[in-house]
Amino acid sequence: MHIISVRQRPDYAKTAIAFFQKHWATEENKMVYEDCITNCLTSSSLLPQWYLLYDRDELIGGAGLIPNDFISRADLSPWLCALFIEEKHRGHAYASLLIRHIQQDASKLGFSHLYLCTDHIGYYEKYGFSYLGDGYHPWGDSSRIYQTSLHS
């Protein structure tokens, strides 16, 4: 298993765009991932960061580290987002590899906490996240917000 940082390996940008669009985008918002990933490659900002998880040459997962996840709690940052493991690779805790890597990167960037929003209950708690409260999306839905402390 190895994790590719798209910022460090811009040659993986098109692969990352296709992966996140396939698993997270709708027809109405598919340009969000292309715009975000393409522009992060030349940005002087620390965020966003995008990661791909490979088993040899097979792409099996990905996730992002972003400044805000379209949620009302703009006072919280950074956010783990778009975590996805291909279905045939689930059940092996591969998500933990991405989560740990993103936690380490966020800590190196000087952040003390990492946040995420989800409707899953019981999943992220396995990885040290605790429920913080509810947040609200611009389109009217709400999501549970979780946080974890980052240790250097």
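Annotations
- Only one residue of SER96, TYR115, GLY135 has its Cα farthest out toward the positive end of the dipole of region 93-146, where Lys and Arg carry +1 and Asp and Glu -1 on Cβ, and that residue is SER96.
- Amide H contacts under 5 Å for LEU132, placed H, 5+ residues apart: ILE145, TYR146, GLN147
- ASP134 paired with GLU86, simple spin-label distance in nm, labels 7 Å along Cα-to-beta-carbon: 3.7 nm
- Extension gain, SER96 to ALA18: 0.36 nm times the residue separation minus the Cα-Cα distance gives 25.8 nm.
- Rolling a 1.4 Å probe over the protein heavy atoms gives the chain an accessible area of 55 Å² per residue.
- Candidate values [x] 2, 10, 20, 24, 21, 13, 6, 2, 1, 0, 0; [y] 2, 9, 19, 23, 23, 17, 7, 1, 0; [z] 2, 10, 19, 21, 16, 12, 9, 6, 4, 2, 0, label of the one derived for P(r) over Cα pairs in 5 Å bins from 0, in percent: [y]
- Global form of region 94-152, assessed from the alpha-carbon gyration tensor, a/c cut-off 1.5: prolate
- Kyte-Doolittle at least -1.0, axis length at least 20 Å by Cα - qualifying DSSP helices, the chain: 94-108
- Within the shell defined by Cβ-Cβ distances under 9 Å, the residues around ARG144 carry a net charge of -2, with Lys and Arg each +1 and Asp and Glu each -1.
- Surrounding net charge for ALA16, when Lys and Arg each add one and Asp and Glu each subtract one, Cβ distance under 12 Å: +2
- Normalised contact order of region 74-152, rounded percent, pairs of Cα under 8 Å and 6 or more residues apart: 32 percent
- In terms of the mean number of neighbouring beta-carbon atoms within 10 Å, the peptides 95-106, 1-12 order highest first as 95-106, 1-12.
- Rel. contact order, % - alpha carbon contacts under 8 angstrom, at least six apart, the chain: 18 percent
- Sorting the segments 23-29, 47-53 by their mean number of nearby beta carbons within 10 angstrom, highest to lowest, gives 47-53, 23-29.
- Ranking HIS151, TYR54, TYR12 by Cα position along the charge dipole of the chain, where only Lys, Arg, Asp and Glu carry charges on their C-beta atoms, puts HIS151 farthest toward the positive end.
- Heavy-atom accessible area order for SER44, SER107, SER130, largest first, 1.4 Å probe: SER44, SER130, SER107
- By accessible area, using a 1.4 Å probe on protein heavy atoms only, region 61-148 has 50% of its surface on carbon and sulfur.
- Neighbourhood net charge (10 Å Cβ-Cβ; Lys/Arg +1, Asp/Glu -1) for THR118: -1
The values are calculated or read from the model by the stated rules, or taken from the named source; none is laboratory data. Predicted model only: the values in this text are computed from it and were never measured. Cβ sites come from the backbone with ideal geometry, for glycine too, and all protein chains shown count toward neighbours. Protein only, heavy atoms only, side chains kept; ligands, DNA and RNA dropped before computing areas. Shrake-Rupley method; radii C 1.70, N 1.55, O 1.52, S 1.80 Å.
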